[in-house]
Amino acid sequence: MKKIRIAFATSDGIYIDRHFGAAERFDIYEVIYGQARARELVDRRTTAKACEGHQHHDLRMQNVVGLISDCNVVYAEMVGPGAREVLSEQGIAVVETDASIMQILIELSHGKPGQLNIDELGPIRQQHETTTGGALVQFKKLQDRHPCMGGEANKKVGRIHLPVSPTCNIQCKFCTRCFDKSVIRPGVTSLLLKPEETIDVIARAKVLCPELTVVGIAGPGDTLATNQALETFALVKQHYPEMICCLSTNGFRLPDKVDRIAEIGIETITVTVNAVDPEIEAQINDFVIDEKGVRHEGVEGAALLIEHQLDGILRAVEHGIVVKINSVLVPGVNDHHIEEIARVTSELGASLHNIIPLIPQNQMADIPAPDCEMIDRVRAESGKHLTVFRHCQHCRADSCGIPGSGKDLHSQLYDKEVAETFSHG
């Protein structure tokens, strides 16, 4: 039986009602030709339109084609000659129709090809399924319950970030951490919690946000630089076993703590990898501090950080833990290197790539933030190797709520603020 992965250009998930160049959403299905009921929704992906004012935009077209490059056919209301050429180069067949999605799925699963030439259909490219074994199974399960794992979950389910990690063991040149009640970006929190305080906080959060499914720790320092985060996750699993636990880290201490992470039952790890070339990483990161308190600067420190990150990612995947990669996009520094990060980490088994535009601050205050054209290009390049997460927002270390709602509940959740400094090492 032939497996077909289809991208449907749709606005509502019901009908094929968009021209390819005007589509902002593609629903991805897999169907086994000629096998009744063998059909499955794989993903829903959103993008910027490939065409503006009936004009073909090369970069956006490449970005949209890259978005669906793991499919071997696309169904759209209409596909122009320019888009057909680009799709053909990627081995993606084209069918023009305005039928319902379910009608097409039923026909194919019953062995009725319609306009599709089954014999000439190319194989499914698997670059969006780089993980294997337990991590891949877990990733598919998480997509409907984790707002940071793709699909439409970011508009339906909630998460809370618990600010329990006070210390960082590296110094990124773009990072400025602070206590603040209103600034919306990573590294910012209104307070620090002790692990034992977090259980009551989660209880209050569940009242404010009944859709809460994920407990994450993303700072304000690094989650693995101290033991507070893992102590917190152990308590969460004891009191709220139904919650998905999500840990974000720079990855420097990941290799020596991944066994404990797996033992606790943490389902997913996000590792911030800004380069896999020490010369580039040294332009982004000033230094790292190892477990003995020794400071490593420049290219030496960068090489040590990358070595630990890649080793930790591989070992986490071997444990069946889902790994997402975060990369801060720094114009003129790593904007032509992001694809290499995606390629290397995909080979290690990472599942998802989140490309975060630089916020100009600290030592990188004079570097302009990347424009939309650069972001589109880099996402298209990364998408050749990893599924690209496109719903990221600048979340605080104490954020709470449904990310896609545009409303953060942290100010309602916390009524106290502390004033102290963070530390490195």
> Which of the peptides 62-69, 168-175 is most tightly packed, and how do the rest follow, judged by the mean count of other Cβ atoms within 10 Å per residue?
Replying inline: 62-69, 168-175
>> Which three extents, in angstrom, do the Cα atoms of the stretch 3-120 have along their principal axes, listed largest first?
In response: 40, 29, 21
> Reachable aspartates and glutamates from Lys173, Cα under 17 Å, same-chain residues fewer than 8 places away excluded?
Replying inline: Asp222, Asp277, Glu279, Glu281, Asp286, Glu297, Glu300, Asp335, Asp366
> Which residues' amide hydrogens lie under 5 Å from the amide hydrogen of Asn326, considering only partners 5 or more residues apart or on another chain, with H built in the peptide plane?
Replying inline: Val271, Thr272, Val273, Asn354
> Taking the Cα centre of the stretch 3-120 as the origin, how large is its charge dipole in debye, to the nearest 20, when only Lys and Arg (+1) and Asp and Glu (-1) carry charge on their Cβ atoms?
Replying inline: 260 debye
>> Give me a comma-separated list of calculated 3J(HN,Hα) values for the stretch 339-351, in order, Karplus coefficients 6.51, -1.76, 1.60 applied at θ = phi - 60°, integers in Hz, x for any Gly or Pro.
In response: 4, 5, 4, 4, 5, 5, 6, 5, 5, 7, x, 4, 9
> Sequence-distant or interchain residues sharing an amide H contact under 5 Å with Asp43, placed H: which?
Replying inline: Ile28
> Which of the pairs Lys257/Lys292; Lys237/Lys324; Lys206/Lys257 have their Cα atoms more than 18 Å apart in this structure?
Replying inline: Lys237/Lys324; Lys206/Lys257
> Which ³J(HN,Hα) values, rounded to whole Hz and listed in residue order, are derived for the stretch 13-26 from phi using the Karplus coefficients 6.51, -1.76 and 1.60 in 6.51 cos²θ - 1.76 cosθ + 1.60 with θ = phi - 60°, glycine and proline given as x?
Replying inline: x, 10, 10, 7, 10, 10, 5, 4, x, 9, 6, 10, 8, 10
>> Going 7 Å from the Cα of Arg37 along its beta-carbon direction, which residues of the stretch 84-112 have the amide nitrogen within less than 16 Å of the resulting point?
In response: 106-107, 109-111
> Given 10 Å bins starting at zero, what is the percent of C-alpha pairs of the stretch 253-300 in each, up to the one with the largest pair distance?
Replying inline: 22, 39, 31, 8
> What FRET efficiency comes out for the pair Arg84/Lys194, r = Cβ-Cβ distance, R0 = 51 Å, nearest 0.05?
Replying inline: 0.30
> By what distance, in whole Å, do the Cα atoms of the stretch 290-334 stretch along each of the three principal axes, largest value first?
Replying inline: 34, 33, 13
> Expressed as a fraction of 2.2 N^0.38 Å, the rule-of-thumb size for a compact globular protein of N residues, what is the C-alpha radius of gyration of the stretch 251-359?
Replying inline: 1.04
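Rule-based calculations on the coordinates, nothing more; no lab input. Owing to the predicted nature of the structure, the values given are computational and were not obtained by experimental measurement. In this analysis, Cβ positions are derived from the backbone assuming ideal geometry, glycine residues included, and neighbour counts consider all displayed protein chains.
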